[in-house]
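The values are calculated or read from the model by the stated rules, or taken from the named source; none is laboratory data. The structure displayed is predicted, hence computed values, not measured ones. A quick note on method: Cβ atoms are made from the backbone with ideal geometry, for glycine too, and the neighbour counts reach across all protein chains shown.
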Amino acid sequence: MHFRSNGKLMITGEYLVLAGARALAMPVRYGQTLDVSPSPGITGIHWRSLIKDKPWLDVVFRGESFEPKTHAIDDADHASVRFVQQTLSAAKKIKPGFLSQQKGWKAMACLEFDKSWGLGSSSSLISNIAYWAATDPYELFFELSKGSGYDMACARSQTPIIYTFTGYHNKPLVQRVDFRPVFHKHLFFIYSGQKQDSAKSIANFNALKIPKIFTESISRITDHIIHTDDLHDFIQSLLLHESVTARATGLNPIQKQHYQDFPGVVKSLGAWGGDFLLAAAEMPPDDIKRYFKEKNARVIIPFNEMQITPGVIE
């Protein structure tokens, strides 16, 4: 059996999506695959994970609790071993018949991007295990996380989406949209070099204390930018988005911290302070790239190289 799920980026709505704001998110062309097959010669699950074809984890999970009997290739990845164990256990809790037969399995997970990028190494794995267990991906995700679940929608979508979180026990609202700006040559995704811990960011955010005026403002911005064909309007809308989010959360926008001289917008995507940024400016694309190279950015990806190619995911 072969499964594949996309990675993700949240373009608008970070933090406030948990308070009900409509968020624009997009699946990206980088994702994760999972290949599983029966293996009568072993007991339990022989699990291997690769990152861009380089071995990452090599573990045997045994018993009802999927206790790991071997370890990560890199000692720093013991947390990743525990996460796979927790995800398998959660899938079995939801679907008791999952892996109930007394036979062995081989599982090979292949991540197509650097796991420090924050594009969804965990969420794409959850989605793939949900495929394997034939269970609802949101139910499995919410068993493991207090996030909004937008990454589950991206994992299985071929297009950008408007995502509305409706609570941990409800189905989210997911609307597929066409978000391919005519000015996409002026949009770049920049890796900040800092991996952000989304779980900690969520833990420090209380959605119940967010005034409705902020969520309504973010929702209007989300609805507006998917339709605008004007780059200047797009930039001003994202600057307003950063201002509203800063007021709602008390956080300082990344542009004010590190890119005050950039003649456009630099917007955090997801939890502020790490992972990818979106940069847009009314200047030649090569000048935008040159600016961030001079800021020592090592990963600069044009919009059309990050967006998912239609037809890749079946």
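Can residue 95 be described as in contact with a strand residue (DSSP E or B) (Cβ under 8 Å, 6 or more places away or on another chain) and of a type in the set (Lys, Arg)?
When the stated conditions are applied, residue 95 does not pass them.
Can you tell me which residue among 304, 252 is modelled with pLDDT under 95 and part of a helix (DSSP H, G or I)?
Values: 252 fails: part of a helix (DSSP H, G or I).
Testing whether each residue is modelled with pLDDT under 95 and part of a helix (DSSP H, G or I) leaves just 304.
Count, please, the residues in segment 139-165 that happen to be charged (D, E, K, R) and closer than 16 Å to residue 177 by Cα.
Final tally of qualifying residues: 2.
Output the residues belonging to segment 95-138 that are at pLDDT 95 or above, surrounded by fewer than 21 Cβ atoms within 10 Å (Cβ to Cβ), part of a helix (DSSP H, G or I) and of a type outside the set (Phe, Trp, Tyr).
Result: 133, single match.
Would you tally the residues in segment 1-40 being over 14 Å from the mean Cα position of the chain (by Cα) and part of a strand (DSSP E or B)?
9
In segment 153-173, which residues are surrounded by fewer than 19 Cβ atoms within 10 Å (Cβ to Cβ) and either part of a strand (DSSP E or B) or polar (S, T, N, Q) (or both)?
Scanning segment 153-173 gives 158, 159, 166, 170, 173.
Is there any pair linking a residue in segment 85-99 that is over 12 Å from residue 125 (Cβ atoms) to one that is part of a helix (DSSP H, G or I) and of a type in the set (Gly, Ala, Ser), with Cβ under 7 Å and at least six apart or on different chains, and which?
Filtered contacts from segment 85-99: 95/133; 98/91; 98/133.
Going by what's in this entry, would residue 58 be described as among the charged types (D, E, K, R) and within 22 Å of residue 85 (Cβ to Cβ)?
On the way: among the charged types (D, E, K, R): yes; within 22 Å of residue 85 (Cβ to Cβ): yes.
Judged against the criteria, residue 58 is a match.
Of these, 50, 16, 57, which one is in the same structural domain as residue 118 (by TED's automatic domain parsing), touching a residue at least 12 places away in the same chain (Cβ under 8 Å) and buried (at least 23 other Cβ atoms within 10 Å of the Cβ)?
16
Are any residues in segment 118-169 touching a strand residue (DSSP E or B) at 6+ places or on another chain (Cβ under 6 Å), of a type in the set (Phe, Trp, Tyr) and within 19 Å of residue 271 (Cβ to Cβ), and if so, which ones?
Answer for segment 118-169, where residues must be touching a strand residue (DSSP E or B) at 6+ places or on another chain (Cβ under 6 Å), of a type in the set (Phe, Trp, Tyr) and within 19 Å of residue 271 (Cβ to Cβ): 150, 163.
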